[in-house]
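Report on the structure given below.
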Amino acid sequence: MFKAAGARLGSLVQNVANMGTAIVIAFIYGWQLTLVIFAFLPFIAIGGALEMKILQGVAGQNKEALEGAGKVANEGIENIRTVASLTKEDKIHQLYIENLRPPYVAALRKAHIAGLAFSFSQSVIFFAYAAAFYFGAYMIKEREMDFTGVFKVFSAIVFGAMALGQASAFAPDAAKAQASSEVIFPLLDSTPVIDAESENGEKPHEVGELELGKFCIRFYDVEAGSVQLDRYNVKDLNVPWLRSQIGIVSQEPILFDCSIRDNIAYGDNSRTPSMDEIIKAARDANIHEFISSLPDGYDTNVGDKGTQLSGGQKQRVAIARALLRNPRILLLDEATSALDTESEKIVQEALDKARSGRTCIVIAHRLSTIQNADKICVIKHGTVSEEGKHNDLMAKQGIYYKLNMAQKRQK
């Protein structure tokens, strides 16, 4: 179903009303001449519908092509330093052109059809004018109408046709809007499997023991097994409450283009954190001294995606953001894998502080970051192959032992 709104819809209603008024006036002053002109309305409607259909098809193809080309352009611009260092500018440009070539070729093939449809829809009106003048002159000759009546009918039809023409100008935008609505409205009408705004579910007062089948913060549900939190299945817990109990630090933390203070404060959006809380979180993340050394301190802007900070500094800001909400569960997803040795040491100290007094789940390939864990699980082909403490696993001389030895040799 086509949906329209806004100024365009108002203009469409106005033009249709104008056409209706013009028809009434035309019938009053000369119904015979009006009926002659009416004979052309089906052709006008067919021409307009054909034009809109063609434009709609072109709009759909252009949308798909621009999506692909936009992805190439976006990736190329965001990673321009890498592209330039590899001298791949021409390659990216060629990929961009290749994404636009298919709709360009299709548009060339359809150009003649679209031109004929447009010319037909526009020319029918002029044929109607010619028929109106010819038949009007005949009616004057036969004294069925006078000169004034013919021009009143003709003027009414002209104004109505102008309104109809303005309405037909809406066709390209309508075609684009319909192509977009076919994607957007099903998305708006879809029901998410996990409702992040639902008030349903348990909200335990304390969070303690965590038993895993496969850990998640309910962005997705497990396909097999279950996640138990204090003997509650996470599917039975309130989703916003569950997420509020968990802090996460990922391999590539995303910082917003605003101040360091705001980036840390975003860790808890249920309230407005005080400056003392922000500073405490920064101290716990081993980054307070660095922030204080900056000319603008906590008001320093980190730039787009944190580009003004180094990898280690971004990680520590992300740790401070996670700690601000004082989560009972802390998830560290490859939090140090992208760092150099010196940065890793500083961030690891911050992580060691962050683990204190809470359940901490660490996903890591650098085994030096998990040696002090209470329980280490070695995952191979999606299943747990070994589990236990560091010393116990080293004594078994299994997969964990071999991985440790391999990483030590690399150093």
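Amide H of Val378: which non-local residues (sequence gap of 5 or more, or other chain) have their own amide H closer than 5 Å, using H built in the peptide plane? Correct list: Ser385, Glu386, Glu387. In this structure Cys258 has an accessible area near 20 Å², from a 1.4 Å probe over the protein heavy atoms.
In the full protein context, the stretch 214-320 carries 52 Å² of accessible surface per residue, based on a 1.4 Å probe and ignoring ligands, DNA and RNA. A Förster radius of 25 Å combined with the Cβ-Cβ distance from Asn404 to His381 puts the calculated FRET efficiency at roughly 0.80. At 1.4 Å probe size, with the rest of the protein present, what percent of the exposed accessible area of the stretch 225-268 is carbon and sulfur atoms? Carbon and sulfur atoms account for 46 percent of the accessible area of the stretch 225-268.
The stretch 352-411 and the stretch 217-293 have Cα centres separated by 24 Å. Rounded to the nearest whole Hz, the Karplus-based 3J(HN,Hα) values (6.51 cos²θ - 1.76 cosθ + 1.60, θ = phi - 60°) of the stretch 16-24 follow the sequence 5, 5, 4, 5, x, 5, 4, 5, 4, with x at glycine and proline. For the stretch 70-122, the per residue solvent-accessible surface stands at 78 Å², with DNA, RNA and ligands left out and a 1.4 Å probe.
Couplings 3J(HN,Hα) for the stretch 380-397, derived from phi with the Karplus relation 6.51 cos²θ - 1.76 cosθ + 1.60 (θ = phi - 60°), are 9, 6, x, 10, 7, 8, 9, 7, x, 7, 4, 4, 5, 5, 5, 5, 6, 6 Hz, where x marks Gly and Pro.
Site pair Asn79 and Ser11 shows an inter-label distance of 4.2 nm when each label is modelled 7 Å from Cα along Cα→Cβ.
In this simple spin-label approximation, Asn326 and Ser244 carry label points 7 Å from Cα along the Cα→Cβ vector, and these lie 1.3 nm apart.
Whole-Hz Karplus values for the stretch 301-314 come out as 7, 7, x, 4, 6, x, 5, 7, 10, 6, x, x, 5, 4 Hz, taken residue by residue from phi with 6.51 cos²θ - 1.76 cosθ + 1.60 and θ = phi - 60°; glycine and proline positions read x.
Taking amide H positions as modeled 1.01 Å from N, with prolines and chain starts lacking one, the residues under 5 Å from Thr300 and 5 or more places away or on another chain are Ile260, Arg261. In terms of distances greater than 31 angstrom between alpha carbons, the cross-link table entries Lys305/Lys402; Lys280/Lys408; Lys305/Lys353; Lys353/Lys408; Lys235/Lys402 yield Lys305/Lys402; Lys280/Lys408; Lys235/Lys402.
The values are calculated or read from the model by the stated rules, or taken from the named source; none is laboratory data. Here the structure is a predicted model, which means the values were calculated and not measured. Positions of Cβ are generated from backbone atoms using ideal geometry, with glycine treated the same way; all protein chains shown enter the neighbour counts. These area figures cover heavy atoms from the full protein model, side chains too; ligands, DNA and RNA do not enter into them. Shrake-Rupley method; radii C 1.70, N 1.55, O 1.52, S 1.80 Å.
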